[in-house]
Structures are given as structure tokens and as C-alpha cells.
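Trainee: The structure's right below; bear with me while I get my questions together.
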Amino acid sequence: MNDRLSPHFRGSDISSVASLAAASGLPVVLCQTIITTADRSEQTGDKRLDIVRELVAHFEDGLAAGRTAEELLDSFGDASAAGELMAQATTLQRTAGQRMEQMWTRSDPPAYRLWRNVVYSVRRMLQSPGFTATAVLSLAIGIGANTAVFSLVNAILLQKPLLQDPETLVDFYLSSQDSKYDIFSYPDYEDVRDATEEVFSEISAVQLALVQADRDGTIEMLPVEMVTGTYFSMIGANPRLGRTLLPEDDVARGAHPVAVLGHSHWVRAFGADPDIIGKQVRLSGRLYTIVGVAPEDYAGKLRGIVPAFFLPMLMLNEVQASTEDALSLRGNHSQFVRARLKPGVTLQQAEVSVAAVATDLKQEQSDFWDPDYQIDLVPTEDVIIYPPFDRFVRAAAWLLTIVTGLVLLIACANLAGFLLARATDRRKEIAVRLALGATRRMLIGQLLTETVLLGLLGGVGGVVLGVTLLRALLAADLPLPIPVDLDLSLDATVLGYSLLVSLAAGVLFGLAPALQATRADVASTLRDETAGGGRAGRLTLRNTLVTAQVAISFMLLVGAGLFLRSFAATQATDPGFGQEPAAILTMAAPANRYSEEEGRVFVRTLFERFGQVPGVQAVGLISNLHLNTLSTQNIR
């Protein structure tokens, strides 16, 4: 075709004899025939321009062969008749395609059509094992990261503890101008409990502690929860075996050495022994009788810290041996307090009642209660772990979700680019299927079936990868004072999320290539395999995808660089202590094996031997580590 026509045909619709003659250089009589034929064909847009292109090329070839314009007109025949024949052929083709689609729709049930598409997609994937493996691996990495992060989000944010009527439960906190969300001391809990009976049906307190568990000659530090006698009844937790702690276990200090086993510790340490009730365990030097096993679906007050035992609150001084009475220290703020509203009592009425209690305590306990102290009530449903931590937990969880989502988006963009490149090899196939009557909608459905199937395979691999990553994380020996245990099992929520992400990924990276591939110029594609409409469009789309990949990758790299820089700056901050390289060892002399004096001698001798280790410059001892939010035991 004449090169001078290309810009005109791409940019405008040549509709007049004069404009065509000026663009092509053909004689006016030939241009008149071309315009008449195009008009009678009833085609518009690109299809009309295709007719003009073909006729211009035909007449140019004839003139170049030495034939005259008159000879070309005689051999061409009636232009109006030729155009009408084109219009009839187009109508017949459209009608045949509609009939074929209707026939397929009527004769094939949707399930059978889907099955046929899946079988064909499997054949296509087996024909290209390299591409299939690359696509599945790319998606598995992206979906696996999303599954792992969502499992954490689900375990921390979405899974709600199974509490009875949680809408009537409230948590108590002390607030002042200098601090917010302080927790209670045991004397404060007793004062509030006794003064608010008209608004709360039950009120309980819980405190996290560490005990030395002596079992078969092995000492192990385990987290426990010290709870009041109304704790289990208030939250509606029924025991797995035996009974829970009762108000009768909460009437005298040090007089009720009974314990409820945490379910996970019962399974891990005792092999889920059904005859465990009545047996004894030695905790912090004293024997406790096991009276029950906690339910499997309740893992304690602080999410992630699963207690091995639940012990009566009035055994606190026995568990945390000290020269001071922890239950009498009003300044010992270590108790989480929770209460249940009485039927018909609103949160506002309860706030008025506890405000009156706060006023009385500020007058009676002026040495411990600041003048601006007040008691805040927070609905239990609004608390994840502990209000000061919750906003950071939420922000970190959603930030990780967004980052892993961007990683998956990069993988989808990369695969979309691969599919656009492969579309070049499938132009003949798609053109033939279009020419045989397949509709664009049917072909898009087939192509999307292929990509969705790849997405599902990537999702299966992603779930396996995500579970492996989470298990490795939980099995890692992290330098934490107490073990962190989260329920990261693949429940229906996690599996549903992974399925949704897999389907979305398949559609996301397959839709644009499918739309682009089915816009093939049937005539030119079948005539010449190297030709094909839409090549410029594919290149434009591929360039867009590459640009998006680079932009997202650059954003992630910048974010990672800023994070590392902030982390380095934090590490370089001088807290005023502990900048030199050091190791932290948590220890306690078992009370059942050493008297107080023997324990002191043992620790002193141990420290002297530590100081003799090559490379050790100094050894120190502290009962509560700096910046430690968990109160540890005093070493005896």
C-alpha cells in the first residue's frame, strides 16, 4: 500500500473522492469506484478503512503492472453491486455467529462449557510447561506472602475470643494527664468491685505471671494467669475436663493451691491425658492440684500469650515469692479488670458509677491516686490486646497486607506481560476461531479460564508456602521472655481469602491480555502471519505494565530503605544504658530445691563462674529488665 496513505488511514476516515485522490494519487475515476464500494458495503470505522486499503492496493498493483484505469474499472465491474455483496456477506457472517452462539448456549449446559474450557486450558498448560511453572511459582510467592500475612491479621485482629454476650462486657483502665490506660492494683480492684454491685453482675481481675514448673526433675519457666474466682463464669468458658476456678477458690490468701490447665499445655506437656484431674504439679516450689482443663477455644486474656495454667489470684504471693505482699500494694498496677453489665444497665450509667468510686478513692488514697486520675470503661469488643498497643498492631497488620498486596500486583503485571508476548503466537488460532463463528465473549471466557486455572494452582502453592513460612516463624527460637503462641491454623476465613486472592489474581493478569488478543484483525491475520491489528496496542499495554511494575517496585524499595534507615537510627539511639554487647539470661533458683540462703549462694557462685568465662567483662543482676513491660519474678 502507498506509504502516503498510512497516516491518513490510521488517523481519519477518508470519505470523499477528493480526499482519497489527494492521499493516494490514484485517478479520480478509480477513487470514485473505491468510495462507492465502501459506501455500499455499509461498513464504518476500521472495517470501512480496511476496504479502502484493499482496493487502493489492488488498483495500485494494476497500474504498476501497466494496465490503464479503464481496464481496471472494466475488470472490477459494478462498484455498487460489489459493495452490496460485501454488506450481505457481513450480515450473513454476523447472523451465523449469533446462531452458533445461541446453539452453543442452548445445547451445552454452563457446567459442560466450563469443563470443556478447563480441559482445553490444561492441554495448553501442558504444552508450555516452562511458562506454566514460571507463572505458578510467581503467583505462589505473591499469594503465599498474602496468605501468611492474612493469617497473622486473622489471628490478631479478626478472630474474636469466644466470650459469652461480649456486648455486655467492659474493660477497666486508669487514666490521667500523664498516662492513659493504666491497669489496676489488687486493692483498687477490690474497692471498685465492692462499690459497683448495682451496675455490674460480675467483675473479675487477671494478672500475667511466670512460674517455675518442676516436672520430672526439669525446671521450666511457664506463663500463667492469676485469676479471681468469677473469671471463668463471667466470660462463659466451660471446662474441657473437670471444673474451672470458682469463687470458693478465692476466699483466703495462699489457702487454695488448685490449678486449671491451659488446653494447649495439656496437649503438649501431658499428651491430652484424660485422667489428669486430681493429679498434682509443682509450681514455684508448691504442689497444686489440677481441677480442670480450660476449653480449647479460649487462650487467655492477652492474645498471643497462651497461659500454661490458670491459678487463683489469692495464690499470687506464693507464685511470686517476695518480701512484699503483692496483693496489698496499691501501687502495684498489674491487674486487668473486666466486668459484665447488669441487664438494663447502659455503659453511660456504669461510667457514672465508677466515676463516683474514683472520686472517693482520690480522697481516701491520696498517696497513690493522683488528683486527675479517672476510671475509663472500654467495651471489651473494642480491645484487641491492650489499647496502647492496639493502634500499632492494626497499623502494622494493614501495612503488611498492603505491601504483600503490591508484591502480588507486581507478579500479576509480570505475568500479564508474558501473556501479551504469547498472544503474538496465538494470533492465527484466535483469528481462525473468530472466522469460524466463535464470539469474542466466548474466546475471552476461554482465555480467562486458562489464567484463573493458573491463579488457582498458584494459590495452592501459595497456601503451602504460607503455612511453611508461618510454621518456621513459630518454631524459631526468638529471644522473648515468654513464648508467643497464635492460632495460625488454616480456618475457613484464611482459605476463603486465599481462594479469593487466587481468583482475583487470575482475572487481574488475564483480563487485559484476553481483551487485547481477541481484537485481532481476522482478514489481515489469516492473509499474513506477520501482520496483525492491535500490535501497537499490545506494545502500549506492555509498556504500561512495565511502567507500573517499575513504579511499584521503586516505591517498595524506597519504603524498605526508609524502614532500614529508621531502624538503624533507632539502634544508634543512646538509651543511657546497655549499649555495649551483652547477653541476657533469665533465671531463677528453684524454691523447692534451695532455701533462701542456699539460693543466694548458688546465684553468687554461678555469677562468679560467668565472670571467669573468656571474653566476659562484667556480670550484673536485675530483678526487672529496663523497658520491660512484663513484671518478672524477683530472684531468690
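Trainee: Residue under question is Ala133, and the condition is that it be among the hydrophobic types (A, V, I, L, M, F, W, C) and surrounded by 20 or more Cβ atoms within 10 Å (Cβ to Cβ); does it hold? It would help to see each step written out before you state the result.
Mentor: Details: among the hydrophobic types (A, V, I, L, M, F, W, C): yes; surrounded by 20 or more Cβ atoms within 10 Å (Cβ to Cβ): no.
No: the conditions fail for Ala133.
Trainee: Of the conditions (1) open to solvent by less than 30 Å² (accessible area, probe 1.4 Å); (2) touching a strand residue (DSSP E or B) at 6+ places or on another chain (Cβ under 7 Å); (3) not charged (D, E, K, R), His333 fails just one. Which one is it?
Mentor: Just one mismatch for His333, condition (1).
Trainee: I've got another one for you. Within region 55-67, can you find the residues that are open to solvent by 50 Å² or more (accessible area, probe 1.4 Å), free of Cβ contacts under 8 Å to residues at least 24 places away in the same chain and on the phi < 0 side of the Ramachandran plot?
Mentor: Initial filter on region 55-67 (open to solvent by 50 Å² or more (accessible area, probe 1.4 Å)): 58, 61, 63-67.
So of that shortlist, the ones also free of Cβ contacts under 8 Å to residues at least 24 places away in the same chain come out as 58, 61, 64-67.
His58, Asp61, Ala64, Ala65, Arg67, listed by residue number.
Residue by residue, here is whether (1) out of contact with any helix residue (DSSP H, G or I) (no Cβ under 9 Å at 6 or more places or on another chain); (2) touching a residue at least 24 places away in the same chain (Cβ under 8 Å); (3) acidic (Asp, Glu) holds:
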| site | (1), (2), (3) |
| --- | --- |
| Arg282 | yes, yes, no |
| Tyr288 | no, yes, no |
| Pro295 | no, yes, no |
| Phe310 | no, yes, no |
| Asn317 | yes, yes, no |
| Gln320 | yes, yes, no |
| Asp325 | no, no, yes |
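Trainee: Are any residues in region 271-297 open to solvent by less than 50 Å² (accessible area, probe 1.4 Å) and either in contact with a His (Cβ under 8 Å, 6 or more places away or on another chain) or hydrophobic (A, V, I, L, M, F, W, C) (or both), and if so, which ones?
Mentor: Result: Ala272, Ile276, Val281, Leu283, Ile290, Val291, Val293, Ala294, Pro295.
Trainee: Further question: Give region 277-298 a look and list any residue that's within 14 Å of Thr244 (Cα to Cα) and aliphatic (A, V, I, L, M), or say none.
Mentor: Matches in region 277-298: Ile277, Ile290, Val291, Val293, Ala294.
Trainee: Let me ask another. Give region 119-129 a look and list any residue that's part of a helix (DSSP H, G or I) and under 17 Å from Leu420 (Cβ atoms), or say none.
Mentor: Scanning region 119-129 gives a single hit, Arg124.
Trainee: Right, another one. For region 305-356, what are the residues that are within 27 Å of Val281 (Cβ to Cβ) and among the acidic types (Asp, Glu)?
Mentor: Residues satisfying the conditions are Glu318, Glu324, Asp325.
Trainee: May I ask you to list the residues in region 352-399 that are crowded, with 16+ Cβ neighbours inside 10 Å and of a type in the set (Asp, Glu)?
Mentor: Scanning region 352-399 gives Asp376, Asp390.
Trainee: Can you name the number of the only condition in (1) modelled with pLDDT under 85; (2) over 13 Å from Val149 (Cα atoms); (3) under 16 Å from the mean Cα position of the chain (by Cα) that Val464 fails?
Mentor: (1)
Trainee: In region 22-47, what residues are part of a helix (DSSP H, G or I) and either more than 18 Å from Gly77 (Cα to Cα) or of a type in the set (Gly, Ala, Ser) (or both)? Walk me through how you get there before you give the answer.
Mentor: Start the filter on region 22-47 by keeping residues that are part of a helix (DSSP H, G or I), which leaves 22-24, 28-40, 45-47.
Answer for region 22-47, where residues must be part of a helix (DSSP H, G or I) and either more than 18 Å from Gly77 (Cα to Cα) or of a type in the set (Gly, Ala, Ser) (or both): Ala22, Ala23, Ser24, Ala38, Gly45, Asp46, Lys47.
Trainee: Assigned to a helix (DSSP H, G or I), aliphatic (A, V, I, L, M) and modelled with pLDDT of 75 or more, is that true of Leu508? Quick ask: steps written out before the conclusion?
Mentor: Details: assigned to a helix (DSSP H, G or I): yes; aliphatic (A, V, I, L, M): yes; modelled with pLDDT of 75 or more: yes.
Yes: the conditions hold for Leu508.
Trainee: Grab the strands (runs of 3 or more DSSP E) fully contained in region 278-374, keeping just those with 3 or more residues being in contact with a Lys or Arg (Cβ under 8 Å, 6 or more places away or on another chain) and β-branched (Val, Ile, Thr). Don't jump to the end; show me each part of the working.
Mentor: On the way: elements: 280-283, 286-293, 309-312, 336-341.
Of the strands (runs of 3 or more DSSP E) lying wholly inside region 278-374, those with at least 3 residues that are in contact with a Lys or Arg (Cβ under 8 Å, 6 or more places away or on another chain) and β-branched (Val, Ile, Thr) span 286-293.
Trainee: Ok, one more. Quick one: count up the residues across region 298-319 that are of a type outside the set (Asp, Glu) and open to solvent by 20 Å² or more (accessible area, probe 1.4 Å).
Mentor: Our first condition is that a residue be of a type outside the set (Asp, Glu); within region 298-319, this holds for 298-317, 319.
Filter again for open to solvent by 20 Å² or more (accessible area, probe 1.4 Å), leaving 299, 301-303, 305-306, 317.
The qualifying residues number 7.
Trainee: Scan (1) within 39 Å of the chain's Cα centre (by Cα); (2) farther than 20 Å from Lys301 by Cβ; (3) in contact (Cβ under 8 Å) with a residue 24 or more places away in the chain for the single condition Val357 breaks and write down its number.
Mentor: In the conditions (1) within 39 Å of the chain's Cα centre (by Cα); (2) farther than 20 Å from Lys301 by Cβ; (3) in contact (Cβ under 8 Å) with a residue 24 or more places away in the chain, Val357 misses (1) alone.
Trainee: Another question about this same structure. Inside region 378-415, can you point out the residues that are under 23 Å from Gly300 (Cα atoms), among the β-branched types (Val, Ile, Thr) and part of a helix (DSSP H, G or I)?
Mentor: Thr380, Val393, listed by residue number.
Trainee: Can you list the strands (runs of 3 or more DSSP E) found entirely within region 152-248 that contain at least 1 residues being surrounded by fewer than 19 Cβ atoms within 10 Å (Cβ to Cβ) and modelled with pLDDT of 90 or more? Reasoning before the result, please.
Mentor: Numbers: elements: 169-175, 200-215, 218-227.
Here the list reads 200-215.
Trainee: From the list Gly620, Gly599, Gly615, pick out the single residue that is at pLDDT 70 or above and farther than 28 Å from Leu208 by Cβ. Spell out how you get there, then give the answer.
Mentor: On the way: Gly620 fails: farther than 28 Å from Leu208 by Cβ; Gly599 fails: farther than 28 Å from Leu208 by Cβ.
Residue meeting the stated conditions: Gly615.
The values are calculated or read from the model by the stated rules, or taken from the named source; none is laboratory data. Keep in mind the model is a prediction, meaning the values are calculated, not measured. Here the Cβ is made from the backbone with ideal geometry for all residues, glycine too, and neighbour counts use every protein chain on show. Quick note on the areas: whole protein, heavy atoms, side chains included, nothing else; ligands and nucleic acids left out. Shrake-Rupley method; radii C 1.70, N 1.55, O 1.52, S 1.80 Å.
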